[in-house]
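> Quick one: the structure is below, and I'll ask about it shortly.
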Amino acid sequence: VTWRRVAAAGAMDWKRSLRSRLAARRAPKKSEQELKDEEMELFTKYYMEWKGGRKSGNTSYTNIPRFYYRLPAEDEVLLQKLREESRAVFLQRKSRELLDNEELQNLWFLLEKHQTSPMVGEEAMINYENFLKVGEKAGSKCRQFFTAKIFAKLLHNDPYGRISIMQFFNYVMRKVWLHQTRIGLSLYDVAGQGYLRESDLENYILELIPTLPQLDGLEKSFYSFYVCTAVRKFFFFLDPLRTGKIKIQDILACSFLDDLLELRDEELSKESQETNWFSAPSALRVYGQYLNLDKDHNGMLSKEELSRYGTGTLTNIFLDRVFQECLTYDGEMDYKTYLDFVLALENRKEPAALQYIFKLLDIENKGYLNVFSLNYFFRAIQEQMKIHGQEPVSFQDVKDEIFDMVKPKDPYKISLQDLINSSQGDTVTSILIDLNGFWTYENREVLVASDNDNTADVDDT
């Protein structure tokens, strides 16, 4: 019994001793932030150990180039200036890489010297072997043009496998011109993002005017109206979403810049000037029409004033839609809005013009024209016919003809794309908005016969 009591007492002493030691070693309770910091430290340690164990021989992922550079803010004047200067230096370097007039003359001399007989009519030819020899002698700037790909592109059914020297030289000239023009346009790209805003393009055209001999007769007081007229064509056709900017690439790809720079030709024919939107006679014609319509001389057009546009046969319903959808000021139209209107009506075959008119015809904003919307506009044509003492045509007949012309995917709905695909969009829109356009369509067979008779009379004489 005594031995058992001694053993029990020893065990109690051992337990007390262990508890006291544990209590002494126990650390003070950590705060929540300290626990989070310790957790993050351990996570970082183990993650780095794990990542180090997964390394492979392919380390290309560590060399990913930077693809986004933040544009300087308005208040970061120094960074903005640095960016402008660096872009200017870059464009100057690109400009120096282009062939100048002397180098182009030297290229033409080398091509003529290495031409390959026989000639095709009066056209000199060159084979691939001599083509490469010219490339070696022409210099480093020309090296990009003397490739097998370009030679093959210009090769057209020559029995000796040659290309035309003139065609190749014109190709080089065109490329040089495109690069020069792109650099010139880029100088006006204030944002440096590859597009021009309306004000940027206005500055470009304004500074271009003195270099165009065909515009020498314009008075300086008309310059602002001319620039507005020219710029609207670019933005009407190249900015269909009305974002307020156009890609420089799109400007180069379209023919508008060619038409504008055609005015450098001092001997441009009268016919070419009349068909060129950018010519002085064309710009004066459009602006003169605007002034003639503006009867109260307030610089704006009301619906009543616009109703006399063209032959004066646009329907009131259509004109109502124009003033509902287009930008107006106190219910009147300014010159810029008028230019969009003119561009749409004078180019009804073009997708951008059809998009403009389609938006006006789509009165329910559903994205398609149905029988209701067609009838809505054609009733105004019928009313005008009654006023002019003509027998109204049945809408049912006109509706069937329109659907037969367009052949829409959905037999009950005509979408904008249906109109464009049908190549009949100009005819359909004319039938719905203009009495004169409808009359021309209705009497097309008579008009064709009349034209044939007139042609026969001329031939007889």
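The values are calculated or read from the model by the stated rules, or taken from the named source; none is laboratory data. Computed from a prediction, not measured in an experiment: that's the story for all the values here. We place every Cβ from the backbone using ideal geometry, glycine too, and count neighbours over all the protein chains shown. Just so you know, the surface numbers come from the protein's heavy atoms only, side chains and all, with ligands and any DNA or RNA stripped out. Shrake-Rupley method; radii C 1.70, N 1.55, O 1.52, S 1.80 Å.
> Under unit Cβ charges (Lys, Arg +1; Asp, Glu -1), what dipole magnitude, rounded to 20 debye, does the chain have relative to its Cα centre? It would help to have the intermediate numbers written out before the result.
Details: 60 positive and 71 negative charges, 1195 e Å.
Dipole magnitude for the chain comes out near 5740 debye.
> Still on this structure: Taking amide H atoms as placed 1.01 Å from N in the peptide plane, list the residues 5 or more away in sequence, or in a different chain, whose amide H sits under 5 Å from that of Y195.
Those lying under 5 Å, H to H, from Y195 are I248.
> Could you name the lysines whose alpha carbon sits less than 25 Å from that of K399, not counting residues in the same chain fewer than 8 places away?
Within the straight-line cut-off, K399 pairs with K349, K359, K366, K386, K407, K409, K413.
> Also, quick follow-up: For K113, list the lysines whose Cα falls under 25 Å from its own Cα; do not include residues on the same chain fewer than 8 positions away.
K133, K137, K141, K149, K153, K175
> Which of these values of Rg/Rh (Cα atoms, Kirkwood Rh) was calculated from the structure shown: [x] 1.01; [y] 1.26; [z] 1.11?
Matching the structure shown: [y].
> Counting only the heavy atoms of the protein chains, how much of K113 is accessible to a 1.4 Å probe, in Å² to the nearest 10?
For K113, the solvent-accessible surface is approximately 140 Å².
> Protein chains only, probe 1.4 Å: how do I126, I317 rank by accessible area, largest first?
The most accessible residue leads, giving I317, I126.
> A further question follows. Might you work out the accessible area of M48 for me, using a 1.4 Å probe with all protein chains in place, and round it to the nearest 10 Å²?
Accessible area, nearest 10 Å²: 110 Å².
> Another question, if that's okay. HN-Hα J couplings of the range 406-413 from phi, Karplus 6.51/-1.76/1.60, θ = phi - 60°, integer Hz, Gly and Pro as x?
With the stated coefficients, the range 406-413 comes to 7, 6, x, 4, 8, x, 10, 9 Hz.
> Can you give me the angle between helix 351-361 and the longest principal axis of the chain, using Cα atoms only, in degrees from 0 to 90, rounded to the nearest 10?
90
> Could you report the range 317-448's accessible area per residue, 1.4 Å probe, as an integer in Å²?
50
> Skipping prolines and chain starts, which residues have an amide H placed within reach, meaning under 5 Å, of the one on M333, given they are 5 or more residues away or on another chain?
Excluding prolines and chain starts, which carry no amide H, the hits are L301, S302.
> Enter the angle in degrees (range 0 to 90, nearest 10) between the Cα long axis of helix 280-293 and the first principal axis of the Cα atoms of the chain, meaning the one along which they spread out most.
Taking Cα atoms only, the helix is inclined about 90 degrees.
> Turning to a different aspect of this structure: Given a 1.4 angstrom probe, I'd like the percentage of the accessible area of the chain that is carbon and sulfur, rounded to a whole number.
Details: 15410 of 29580 Å².
Of all accessible area on the chain, carbon and sulfur atoms account for 52 percent.
> Taking the range 193-283, how many lysine pairs are there with alpha carbons less than 23 Å apart, if each pair must be eight or more places apart or span two chains?
The number of close lysine pairs in the range 193-283 is 5.
> Quick one: Karplus J couplings for the range 216-224, per residue in order, coefficients 6.51, -1.76, 1.60, θ = phi - 60°, nearest Hz, x for Gly and Pro?
4, x, 6, 6, 4, 5, 8, 4, 5
> Could you put S394, S140, S302 in order of accessible surface area, largest first, with the 1.4 Å probe and the full protein assembly present?
S140, S394, S302
> On a C-alpha basis, how far is the centre of the range 352-393 from the centre of the range 121-162 in Å? Whole number, if you could?
Their Cα centres are 57 Å away from one another.
> Would you kindly state how much longer the chain becomes between K303 and T147 on full extension, computed as 0.36 nm times their sequence separation minus their alpha carbon distance, in nm to one decimal?
Result: 50.2 nm gained on full extension.
> Next up: How much of V120 can a 1.4 Å solvent probe reach, expressed as accessible area in Å² and rounded to 10?
Approximately 70 Å² of V120 is accessible to the 1.4 Å probe.
> What do you get for the angle between helix 32-53 and the principal long axis of the chain? Use alpha-carbon atoms, 0 to 90 degrees, nearest ten.
Helix 32-53 sits at roughly 70 degrees to that axis.
> Going from most exposed to least, what order do S95, S373, S117, S415 have by accessible area with a 1.4 Å probe?
Putting S95, S373, S117, S415 in descending order of accessible area: S117, S95, S415, S373.
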